[in-house]
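All remarks here apply to the structure that follows.
No lab work stands behind these numbers, since they all come straight from the coordinates. Everything quoted here is computed from the prediction, not taken from an experiment. When we count neighbours, we look across all protein chains shown, and the Cβ atoms used for this are built from the backbone with ideal geometry, even at glycine.
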Amino acid sequence: MGNTMTSVTARTKNKSYEVYIGENILSQISKMDKILSADRFALIVSARIMDLYNNEIRKTFSQYSNFDIFRMRDGENNKNFKNAEKFLEKLLKKGYTRKSAVIGIGGGVVGDFAGFIASVYMRGIPVLHIPTTLLAMVDSCIGGKTAVNLSLGKNIVGAFHQPEMVISDISFMQTLPEKELRNGLSEVLKDALIGEEKLLDILYKNDLKSIRESDTIQKVVYLSALFKSRIVEEDEDEKGLRAILNFGHTAGHAIESMSGYKYFPHGVAVAIGLKIETEISRRIGWLNDGDARAVNELISRYNLIYKTKKLNADKIIEHMKYDKKNFGNKLRFVLLKGFNNPVYNQEVEPSLLKDAVKNIDI
Ligand SMILES: NC(=O)c1ccc[n+]([C@@H]2O[C@H](COP(=O)([O-])OP(=O)(O)OC[C@H]3O[C@@H](n4cnc5c(N)ncnc54)[C@H](O)[C@@H]3O)[C@@H](O)[C@H]2O)c1
């Protein structure tokens with residue numbers, strides 16, 4: 001693919017938007033009249049990205065005068081409701097109106113925050129995402145989910161608010177720390193297992209070093225964006241099929257919550273969740289031993305579980321009950337009836353989950 005830009009059209013009930021993927025493509029922003037002709041637009045930029053890419057960002061917007069740059073401190077703890085309220089007040093004081101717009105530049109934390117601000121300010125203004133982590137490019141910037149955290153729980157306050165456009169400039173990957181690459185690869189592996197076989201092929205053929213090369217990572221971002229946008233297109237409000245995207249996440253979220261969202265990074269928790277849910281699928285005879293081994297081999301090859309701790313299955317079960325996607329006190333999972341064949345809403349007995357947790361090696 002080289003430097004050729006690719007794009008995916010994400011279609012939802014009320015609008016379609018383009019997701020552009022390529023190298024050095026920030027200038028694509030010039031296509032976005034709706035944002036640029038807004039009476040004012042707020043650039044919410046990750047502080048780290050501002051430090052690393054100050055010149056590129058200023059150059060991209062140098063021809064406009066109707067914007068402000070707001071640096072946002074990185075870290076999940078800053079994606080909270082109190083900061084959102086302060087930020088909304090800042091916009092109001094600066095004279096932002098219903099005709100204003102927001103651009104989020106950063107990882108999933110900034111994207112979720114910027115999307116949330118746009119979804120509620122004056123009952124909703126347009127947002128454009130410029131994701132800078134692999135996770136944000138392959139996952140969080142597509143699908144319109146926005147959120148902030150409460151002190152009692154992660155992503156509790158939010159809204160569905162689709163962006164006007166997404167610009168995934170893979171040049172940002174050059175500075176992405178390796179562990180952030182791995183966090184994104186956990187989501188890529190999930191997409192590969194539940195339905196995008198071309199991604200599985202890329203994962204088999206590469207390793208942590210080669211997958212980062214620009215041609216390959218561009219393909220990965222393109223295929224993942226295409227896959228996610230197709231699923232979201234079919235089930236925007238998460239009433240059914242979209243649930244398959246939670247493969248690995250049911251146990252993963254419980255593991256993150258158990259550690260107070262501090263010890264296990266999201267990508268590591270998802271990779272452990274993928275192992276557990278693969279093992280459950282194997283134990284009930286849905287996934288053969290060879291395929292289960294292949295999942296574990298890929299998790300090791302890309303070193304997705306780069307932090308470990310002994311897991312307590314009872315605690316995982318306890319924390320699953322707090323998950324907003326669970327209901328009725330039952331343990332429900334997405335399981336695999338073979339690669340490319342996920343089945344959602346599968347009830348699992350606690351004893352089976354416990355056996356699976358005991359049997360995975362992390
Ligand atoms: N809305 C959704 O559908 C959705 C889906 C998945 C995850 N999320 C959310 O996404 C968040 C996680 O996102 P994330 O993994 O991108 O983490 P993140 O936003 O915390 O970024 C990770 C780190 O990478 C740094 N960084 C970002 N881009 C960089 C670059 N190009 N070079 C160097 N450093 C860079 C950041 O400063 C940060 O320290 C969580 O809050 C999660 O809830 C949302």
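Computed quantities for the displayed model
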| item | result |
| --- | --- |
| Phi-based couplings in Hz for the range 73-78 (Karplus 6.51, -1.76, 1.60; Gly and Pro marked x) | 5, 6, x, 3, 5, 8 |
| Convex hull volume of the range 155-225 per residue (C-alpha atoms, cubic angstrom) | 126 |
| Contour minus Cα-Cα distance for residue 215 and residue 355 (0.36 nm per residue) | 46.3 nm |
| For the chain, size of Cβ-based charge dipole, Lys and Arg +1, Asp and Glu -1, in debye | 980 |
| For the chain: relative contact order, % (alpha-carbon pairs under 8 angstrom, 6 or more apart) | 15 |
| Average Cα contact separation per residue, the range 54-165, under 8 Å, 6 or more apart, as relative contact order % | 24 |
| Dipole axis of the chain (+1 Lys, Arg; -1 Asp, Glu on Cβ), positive-most option in 100, 334, 286 | 100 |
| Dipole magnitude (debye, nearest 20) for the range 24-95, charges at Cβ of Lys, Arg, Asp, Glu | 120 |
| Length-normalised contact order of the range 99-168 in % [C-alpha pairs under 8 Å, at least 6 apart] | 34 |
| Ranked packing of 140-152, 257-269, most packed first, by mean Cβ within 10 Å | 140-152, 257-269 |
| Mean projected area (nm²) of the alpha-carbon convex hull when the range 31-164 is viewed from all directions | 7.4 |
| Among 259, 69, 174 the positive-end extreme of the charge dipole of the chain (Cβ point charges) | 69 |
| Rounded to 5, percent antiparallel among DSSP beta bridges of the range 8-138 | 20 |
| Residue 205/residue 99 FRET efficiency (R0 41 Å; Cβ-Cβ; nearest 0.05) | 0.25 |
| At q = 0.14 Å⁻¹, base-10 log of I(q)/I(0) for the chain (Debye sum, equal scatterers on each alpha carbon) | -1.16 |
| Degrees, to the nearest 10: 289-301 long Cα axis against longest axis of the chain | 40 |
| The range 253-343: C-alpha gyration tensor shape, a/c 1.5 cut-off, then a/b vs b/c | oblate |
| Top of 340, 54, 14 by mean-square fluctuation, Gaussian network on the chain, Cα under 10 Å | 14 |
| Highest-first arrangement of 165-175, 309-319, where packing means the average Cβ count within 10 Å | 165-175, 309-319 |
| Qualifying chymotrypsin sites (Phe, Trp or Tyr not before Pro) for the range 63-164 [loop in DSSP, other Cβ within 10 Å: at most 16] | 64 |
| Neighbour-count order for 237, 191, fewest beta carbons within 10 angstrom listed first | 237, 191 |
| Residue with peak Gaussian network fluctuation, the chain [Cα springs, cutoff 10 Å], from 111, 195, 240 | 240 |
| Gained length - residue 151 relative to residue 317, 0.36 nm times residue gap less alpha-carbon distance | 57.6 nm |
| Signed unit charges on C-beta, dipole axis of the range 130-254, positive-most listed residue 250, 217, 159 | 250 |
| Where labels lie 7 Å past Cα in the beta-carbon direction, separation of residue 262 and residue 123 in nm | 4.2 |
| In Hz, Karplus ³J(HN,Hα) per residue of the range 223-232 (6.51, -1.76, 1.60; θ = phi - 60°; x = Gly, Pro) | 5, 5, 5, 4, 4, 5, 5, 5, 5, 5 |
| Candidates 294, 118, 243: whichever shows maximal mean-square fluctuation once the chain is modelled as a Gaussian network with Cα springs under 10 Å | 294 |
| DSSP beta bridge pairing in the chain, given as percent antiparallel to the nearest 5 | 40 |
| Per-residue ³J(HN,Hα) for the range 211-216, Karplus 6.51 cos²θ - 1.76 cosθ + 1.60, θ = phi - 60°, Hz, x for Gly and Pro | 5, 7, 4, 4, 4, 6 |
| Cα long-axis angle, helix 178-194 against the chain (0 to 90 degrees, to the nearest 10) | 60 |
| Gain on full stretching of the segment that runs from residue 92 to residue 73 - 0.36 nm per residue minus C-alpha separation | 4.8 nm |
